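Okay, so here's the structure we're looking at.
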Amino acid sequence: MTETFSKSRQRAEIAFGNVQSQFFAKNKAVEELESDVQSQQAKTLRLREARLSRERSDRASATAVLVARRARAG
């Protein structure tokens, strides 16, 4: 069951297919960019949490050292 279309219809179908391909390619590119942004934000959050945790640990260690020095001096 093959249909034969007029030349103008065939050109229109081809043009529509090209536009549709460009549209889907653009959407794919946008999705990839959004994915990259989300990945970067997640990594930034992980690094921030690790840095804050390390800073809390360092602060606690420094406090413990100061308390121990005062206990020996006092």
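The numbers here are math on the coordinates, done by the rules we state, and not lab data. Computed from a predicted structure; not experimentally measured. Every residue, glycine among them, receives a Cβ derived from its backbone with ideal geometry; neighbour counts consider all protein chains shown.
Among the residues of this structure, Phe5 counts as one that is of a type in the set (A, V, I, L, M, F, W, C) and in contact with a helix residue (DSSP H, G or I) (Cβ under 8 Å, 6 or more places away or on another chain). For region 7-17, the criterion of being exposed (fewer than 10 other Cβ atoms within 10 Å of the Cβ) and not in a helix (DSSP H, G or I) is met by no residue. When you check Ser53 against the structure, is it assigned to a helix (DSSP H, G or I) and either exposed (fewer than 10 other Cβ atoms within 10 Å of the Cβ) or on the phi > 0 side of the Ramachandran plot (or both), yes or no? In short, no.
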